[in-house]
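K.L.:
My questions all concern the structure below.
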Amino acid sequence: MVYLIGYISIGALVTLVILVSHQLTKKPSSELESLILDGIHHDRNKWASKLLDVIVVPILGASLAIIAWPVVIYWKIKEVISSGNPDAVMEPKEFSVSQDYLLTKTSIEVIECEEIVQDPLGAVSDLPFGHLHHAWLKFKENLQSGDDIWTFSAQWESEWGCQERLAGYVIVTDDRPNDYFLTTCRSFETE
């Protein structure tokens with residue numbers, strides 16, 4: 001019982017210190033931020049919403065922080081380190097098609113014949129890529145004369161560390177892959 005009281009006491013102290021430091025270092029909200037929040041949650045100025053924002057959420061957050069204070073300390077240390085060193089903030093990984101991923105040269109006509117969606121229930125129109133037909137049309141607009149279109153397949157690690165198999169079509173200009181149209185994204189486990 002003494003250990004539990006000690007653990008909760010440390011958690012309360014850590015939570016209090018972090019809340020005070022956050023209040024001292026937080027930036028005032030901008031007008032744009034307020035407009036975005038008003039657009040997302042237009043009832044946020046009603047008393048019930050203010051009660052939720054000012055009392056319920058902070059109490060639940062503080063209770064969770066008291067219980068999981070080691071994780072909160074880790075997050076705070078990570079935040080302090082990354083705020084002092086802007087290069088420490090990781091940019092999200094963005095997929096791009098490289099030469100190594102190219103498989104076969106193809107044509108728009110062949111792709112549109114192969115990618116017609118046949119839905120016996122009629123929920124999807126009988127067009128290339130079905131519901132994604134408009135995205136396909138936008139992709140085709142980027143195709144210039146002299147460009148080639150290739151199929152590609154790649155193994156990719158997402159920013160969350162998941163292994164994924166990506167496949168689709170890519171526009172190749174002067175032997176350099178450019179815009180791509182993703183048709184497959186499957187996660188798989190590494191062995």
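The values are calculated or read from the model by the stated rules, or taken from the named source; none is laboratory data. Being a predicted model, the structure only gives us computed values, none of them experimental. Every residue, glycine as well, gets a Cβ built from its backbone with ideal geometry; the counts of neighbours run over all protein chains shown.
K.L.:
Name the helices (runs of 4 or more DSSP H) wholly inside segment 1-109 in which the number of residues that are modelled with pLDDT under 80 and acidic (Asp, Glu) is 2 or more.
P.N.:
On the way: elements: 2-25, 31-40, 47-51, 57-67, 69-84.
Fully inside segment 1-109 and qualifying: 31-40.
K.L.:
Output the residues belonging to segment 129-167 that are surrounded by 12 or more Cβ atoms within 10 Å (Cβ to Cβ) and at positive phi.
P.N.:
Phe129, Gly130
K.L.:
I'm trying to understand the selection: among the residues of segment 139-191, which are in contact (Cβ under 8 Å) with a residue 60 or more places away in the chain and farther than 19 Å from Leu102 by Cβ?
P.N.:
Glu157, Ser158, Glu159
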